[in-house]
Amino acid sequence: MNINIPLFEEVKIMLVEDNEGDIVLIKEALTEGKIKNSLTVLRDGAQAIKYFTATMDTPEDFPDLVLLDINLPKVDGKGVLEFIKTNDKIKKIPVIMLTSSSSYDDITDSYNLHANCFITKPVHFTAFIEVVQKIENFWVSIVKLPTQQVS
């Protein structure tokens, strides 16, 4: 069953990012946005995999959306993406690659691993904020997300 998350419901967003400046900008953009959200920040790929492994049997703890950088310590974003998209319990969670990379190989690899989209982070502050808000609006207000089944 597909649903649109009502605007009054809190959207759970997971950000996997190691750059403190980008974390601050993303938090600011989400705070200024019109959609109520809770943000979980994980600073390396190993933390993300550990989080999903620990919550595998509690789908109510899954994020509604994952913003994932490629260049991460311990396990890179592609490794995290592969982990998510090859696990039946979590593979339907939308994963947006939000990264400074614009490499053809990174783009191709991400889509081959079933990323839902690939966005290169804008360099300018205003554009960066705008992109994050557009991601939030599109993936929460427009796109129909799969319902997480709670057993």
Worksheet item: Taking all protein chains as present, what is the carbon and sulfur share of the accessible area of the range 10-100, in % to the nearest whole number, probe 1.4 Å?
Response: 48 percent
Discussion item. Rounded to whole Å, give me the distance from the Cα center of the range 42-118 to that of the range 10-34.
Written reply: 16 Å
Discussion item. Given 10 °C and 1.306 mPa s, compute D for the chain with the Stokes-Einstein relation, Rh being the Kirkwood radius over Cα pairs; round to the nearest whole µm²/s.
Written reply: 103 µm²/s
Worksheet item: Across every pair of different alpha-carbon atoms, what Kirkwood hydrodynamic radius in Å does the range 70-121 reach?
Response: 11.0 Å
Response to the item:
Given Cβ charges of +1 for Lys and Arg and -1 for Asp and Glu, the option among I26, V140, V41 whose Cα lies farthest towards the positive end of the dipole of the chain is V140
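Which whole-number value in Å² is the accessible area per residue of the range 66-143, probe 1.4 Å? It would help to have the intermediate numbers written out before the result.
Working: 3870 Å² over 78 residues.
Per residue, the range 66-143 has 50 Å² of solvent-accessible surface.
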Practice prompt. Kindly provide the trypsin sites (Lys or Arg not before Pro) of the range 39-76 that DSSP labels as loop, not H, G, I, E or B, and whose Cβ sees at most 15 other Cβ atoms within 10 Å.
Written response: K74
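Percent relative contact order of the chain, based on C-alpha pairs within less than 8 angstrom and at least six residues apart?
Contact order relative to length: 30 percent.
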Item to complete: Given a cut-off of 29 Å, name the pairs among K74/K144; K36/K92; K92/K121 whose C-alpha atoms lie farther apart than that in the structure shown.
Response: K74/K144
Worksheet entry | Net charge dipole size for the chain [Lys, Arg +1 and Asp, Glu -1 on Cβ; Debye, nearest 20] | 340 debye
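The values are calculated or read from the model by the stated rules, or taken from the named source; none is laboratory data. The model shown is predicted, which means the values in this text are computed figures rather than measured ones. Here the Cβ is made from the backbone with ideal geometry for all residues, glycine too, and neighbour counts use every protein chain on show. Please note that ligands, DNA and RNA were not included when accessible areas were found on the heavy atoms of the full protein model with its side chains. Shrake-Rupley method; radii C 1.70, N 1.55, O 1.52, S 1.80 Å.
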